[in-house]
1. Considering (1) closer than 19 Å to Val15 by Cα; (2) without any contact (Cβ under 8 Å) to a residue 60 or more places away in the chain, say which one Ser174 fails and leave the rest.
2. Need pairs with beta-carbon distance below 6 Å; first residue more than 16 Å from Asn143 (Cα to Cα) and within region 204-232, second in a helix (DSSP H, G or I) and at pLDDT 95 or above; sequence gap 6+ or separate chains.
3. If I ask for residues that are under 20 Å from Val108 (Cα atoms) and in a loop (DSSP other than H, G, I, E, B), which ones from region 167-186 would you list?
4. How many of the residues in region 70-118 are part of a helix (DSSP H, G or I), surrounded by fewer than 16 Cβ atoms within 10 Å (Cβ to Cβ) and modelled with pLDDT under 95?
5. Filter region 18-29 for residues that are out of contact with any strand residue (DSSP E or B) (no Cβ under 8 Å at 6 or more places or on another chain) and closer than 23 Å to Pro87 by Cβ and give the result.
6. With the requirement that a residue be in contact with an Asp or Glu (Cβ under 7 Å, 6 or more places away or on another chain), of a type outside the set (Ser, Thr, Tyr) and either under 26 Å from Leu110 (Cβ atoms) or at pLDDT 95 or above (or both), what does region 228-268 give you?
7. Are any residues in region 230-253 in contact with a Lys or Arg (Cβ under 8 Å, 6 or more places away or on another chain) and farther than 17 Å from Pro75 by Cα, and if so, which ones?
8. Can you go through Thr67, Thr56 and tell me which one is more than 30 Å from Val165 (Cβ to Cβ), among the polar types (S, T, N, Q), at pLDDT 95 or above and surrounded by 14 or more Cβ atoms within 10 Å (Cβ to Cβ)?
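The values are calculated or read from the model by the stated rules, or taken from the named source; none is laboratory data. The shown structure was predicted, so the numbers you read here are calculated from the model rather than taken from an experiment. Note: ideal-geometry Cβ built from the backbone for every residue, glycine included; neighbour counts use all protein chains shown.
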Amino acid sequence: MQIKKVLVVGATGKVGSEIVKNLISQGYIVRGTTKDKKLLNVKEKNFEYVYLDLETTEGLKEAFQDTDRAFFLSPAGYLDQYKLLSPLIREAKNKNLEKVVLMSVMGVNLIETSPLRRAEVELENSGLNYNIIRPNWFMQNFNTFWIKGIIESNKILLPAGDAKVSFIDARDISDVATKLLTSNIHNNKAFDLTGPESITHDTVANYISSITNKKVFYQNISSSEFKKDLLNAELPEHYADFLVTIMGFLREGFNSKVTDSVSNILGRSAISISKYVNDYKTYWL
């Protein structure tokens, strides 16, 4: 059987980088997109970076050369995801790829006019075999975006109220995406991806406390304080406003549902918050 070649958009991110590792370990030839031209010199067995600027589409046709299957996502920080994803979907159709897996966001299908939902619909109507995965909030946000407050003041500072969230580990998302990319069992379906339980931020703080032997608290802050923190972290204002908006949905309970998609696709349980906190314990210390 001919070795399949897979294009991974966002190959340097939390999810994309793990998909690359998974695919290489299974014998696939992988091309990962990047805007960092220094990475183009990186050559590894069965892997290479290819230049692609999603905003200008520079490098688009070259990125799809000799590609059989592809994984798409829209990078964080962009509000018009359709503008970035539509050229990818059209080129995939032009190349008649065997399959495309698109990573979206849980709940976006409830708003038909949203840019990300428009991209989903374009893929659904493309005639290509596809899967759409819609993960909930990443557990890994705690050791990246929210880590500053945890380290400096022993606090998780978010305007989340007492809402429960079925946080998902990015490693599960990568494993699901890999499984869908490399098989046709679940073709032409969309999946909401969540962790195994729905918990509050107080519960997350308690798990981190148990690992660090110091008390970590969750502190509910105002949306304006949250935006100020984001701007201080040098996020663009339009993206800070976007995060404030979706955090509002979280606070209202829209991210609480638990699905069995991860276990149904992978044949194992989704990673729990306790395992995540323990696996990432070096970040909390």
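1. Looking at each condition in turn, Ser174 falls short on (2).
2. If the second residue must be in a helix (DSSP H, G or I) and at pLDDT 95 or above, the pairs left are Lys215/Ser209.
3. Phe167, Asp169
4. Selection size over region 70-118: 1.
5. Initial filter on region 18-29 (out of contact with any strand residue (DSSP E or B) (no Cβ under 8 Å at 6 or more places or on another chain)): 18, 21-22, 25-27.
Once the filter is applied, which keeps residues that are out of contact with any strand residue (DSSP E or B) (no Cβ under 8 Å at 6 or more places or on another chain) and closer than 23 Å to Pro87 by Cβ, region 18-29 yields nothing.
6. Those that are in contact with an Asp or Glu (Cβ under 7 Å, 6 or more places away or on another chain), of a type outside the set (Ser, Thr, Tyr) and either under 26 Å from Leu110 (Cβ atoms) or at pLDDT 95 or above (or both): Val258, Val262, Leu266.
7. Ala233, Val244, Gly253, listed by residue number.
8. Numbers: Thr56 fails: surrounded by 14 or more Cβ atoms within 10 Å (Cβ to Cβ).
Within the list Thr67, Thr56, the selection yields Thr67.
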